[in-house]
Amino acid sequence: MSVSAAGGPEVGERPSVRQLLAPAAARLAAAGIDTPQLDAELLLAHVLGWPRARLLSDSDTRADDARVAAFQSAVERRASAREPVAYITGRRHFRRLELEVNPSVLIPRPETELLVAVALGLPSATRVLDVGTGCGAVALALKDERPDLHVSGSDVSQEALQVARANSRRLGLDVSWLHADLLEGVAGAFEVVLSNPPYVADSERTALAPEISGHEPELALYGGPDGLSVIRRLLGQLQSRTRTRVVVLEVGAGQAQRVGALMRACGFGSVRSERDLAGIERVVVGERRA
Ligand SMILES: C[S@@+](CC[C@H](N)C(=O)[O-])C[C@H]1O[C@@H](n2cnc3c(N)ncnc32)[C@H](O)[C@@H]1O
């Protein structure tokens with residue numbers, strides 16, 4: 001390999017994977033990105049159409065001019081505009097699935113996998129609705145892991161539903177999609193309602209990372225003055241829909257006790273919570289006593 005004294009490519013020579021990654025990671029670190037090496041690798045793997053592990057085994061392979069330009073543009077989007085990697089690559093892993101995402105949907109978070117894990121124990125053939133499905137992450141992962149369940153996903157955003165539908169077609173997962181404002185006008189009896197609703201309090205807006213506040217949809221994030229406005233409406237609607245026996249909600253840090261009290265007030269007499277890997281009470285489960 002012909003390398004200049006500084007370790008970069010000779011003039012006129014195409015850069016290798018290794019020679020592309022090092023300055024990109026340095027650029028991302030200088031821009032204040034927390035995971036510069038990982039992000040550089042994810043972006044380069046995406047541009048090359050490779051699995052990330054191949055960057056290591058084929059680190060001396062040289063990239064053509066078009067790919068070098070595409071990579072440099074992706075790194076710049078990440079560094080200067082603080083665009084999330086998932087919006088640049090258009091893909092995000094969630095449980096066993098690789099999902100398509102774009103800026104009209106929230107990027108699925110690892111902690112939301114707990115919502116799916118809690119639902120894995122449901123009895124066979126239960127009818128489940130994922131309210132505020134976004135790209136369909138929860139509904140699709142549940143259908144993937146429990147094909148016997150009847151799974152539907154709903155959202156008030158038509159753009160989000162388009163992404164969810166595209167994901168279900170591509171993955172071949174049979175989920176029904178509904179356009180609705182929470183449960184307004186939703187026909188059919190769902191025994192279980194799951195939701196990762198918007199729950200960021202208005203007062204927390206300024207504390208969010210620029211990747212979130214500057215790029216993710218407001219509709220997916222904010223839940224009013226205390227973050228619980230959408231949850232209050234949803235539980236209020238469930239109060240009279242007594243065929244729904246179980247409600248499972250993802251909540252923000254510090255919200256679990258208040259959400260549990262709201263569930264009890266709406267007829268879910270038995271309430272428990274599940275902690276995420278960081279030890280935060282992340283999922284609240286309410287059940288109606290028979
Ligand atoms: C926090 S995101 C969750 C997305 C996805 N379920 C996930 O976990 O990655 C909340 C979702 O709720 C939707 N949403 C917000 N208000 C809604 C409403 N009134 N009725 C239905 N969906 C709503 C948003 O469009 C967004 O897709």
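The values are calculated or read from the model by the stated rules, or taken from the named source; none is laboratory data. The structure displayed is predicted, hence computed values, not measured ones. Glycine also receives a Cβ, built like all others from the backbone with ideal geometry; neighbour counts cover every protein chain displayed. We work out accessible area using only protein heavy atoms, side chains counted, and drop any ligands, DNA or RNA first. Shrake-Rupley method; radii C 1.70, N 1.55, O 1.52, S 1.80 Å.
Results, tabulated for the structure shown:
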| read-out | value |
| --- | --- |
| Test for Val68: is it farther than 23 Å from Ser157 by Cβ and either out of contact with any Leu (no Cβ under 7 Å at 6 or more places or on another chain) or at pLDDT 95 or above (or both) | yes |
| Ser203 closer than 30 Å to Gly32 by Cα, surrounded by fewer than 18 Cβ atoms within 10 Å (Cβ to Cβ), at pLDDT below 95 and out of contact with any Leu (no Cβ under 6 Å at 6 or more places or on another chain) | yes |
| Residue under evaluation Val138, criteria (1) out of contact with any Asp or Glu (no Cβ under 6 Å at 6 or more places or on another chain); (2) assigned to a helix (DSSP H, G or I), criterion not met | (1) |
| Residue in region 97-117 that is hydroxyl-bearing (Ser, Thr, Tyr), open to solvent by 10 Å² or more (accessible area, probe 1.4 Å) and either over 16 Å from Thr133 (Cα atoms) or out of contact with any Ser or Thr (no Cβ under 9 Å at 6 or more places or on another chain) (or both) present | no |
| Residues satisfying the stated conditions in region 162-181, i.e. assigned to a loop (DSSP other than H, G, I, E, B), open to solvent by 20 Å² or more (accessible area, probe 1.4 Å) and in contact (Cβ under 8 Å) with a residue 24 or more places away in the chain | Leu173, Asp174, Asp181 |
| Among the residues listed as Arg272, Arg258, the single one being open to solvent by 50 Å² or more (accessible area, probe 1.4 Å) and part of a strand (DSSP E or B) | Arg272 |
| Residue list for region 236-255, restricted to those being within 16 Å of the ligand (Cβ to nearest atom) and either buried (at least 17 other Cβ atoms within 10 Å of the Cβ) or part of a helix (DSSP H, G or I) (or both) | Gly236, Gln237, Leu238, Thr244, Val247, Val248, Leu249, Glu250, Val251, Gly252, Gln255 |
| Tyr222 vs. criteria aromatic (Phe, Trp, Tyr), near the ligand (Cβ under 10 Å from one of its atoms) and in contact with a Leu (Cβ under 9 Å, 6 or more places away or on another chain) | no |
| Test: Arg233 is basic (Lys, Arg) and within 13 Å of the ligand (Cβ to nearest atom) | yes |
| Residue list for region 108-135, restricted to those being part of a strand (DSSP E or B), touching a helix residue (DSSP H, G or I) at 6+ places or on another chain (Cβ under 9 Å) and more than 9 Å from the ligand (Cβ to nearest atom) | Val128, Leu129 |
| Any hit, region 148-161, residues being buried (at least 22 other Cβ atoms within 10 Å of the Cβ), in contact (Cβ under 8 Å) with a residue 40 or more places away in the chain, over 15 Å from the mean Cα position of the chain (by Cα) and closer than 29 Å to Ala209 by Cβ | no |
| Index of the failed condition, Gly254 passing every other in (1) touching an Asp or Glu at 6+ places or on another chain (Cβ under 9 Å); (2) in contact (Cβ under 8 Å) with a residue 12 or more places away in the chain | (2) |
| Region 207-235, subset assigned to a loop (DSSP other than H, G, I, E, B) and within 16 Å of Pro197 (Cβ to Cβ), residue nearest to the chain's Cα centre (by Cα) | Glu216 |
| Residue match in region 148-159 (condition: within 8 Å of the ligand (Cβ to nearest atom), assigned to a loop (DSSP other than H, G, I, E, B) and at pLDDT 95 or above) | yes |
| Search result, residues across region 252-279 that are within 22 Å of the chain's Cα centre (by Cα) and over 17 Å from Ile231 (Cβ atoms) | Arg275, Asp276, Leu277, Ala278, Gly279 |
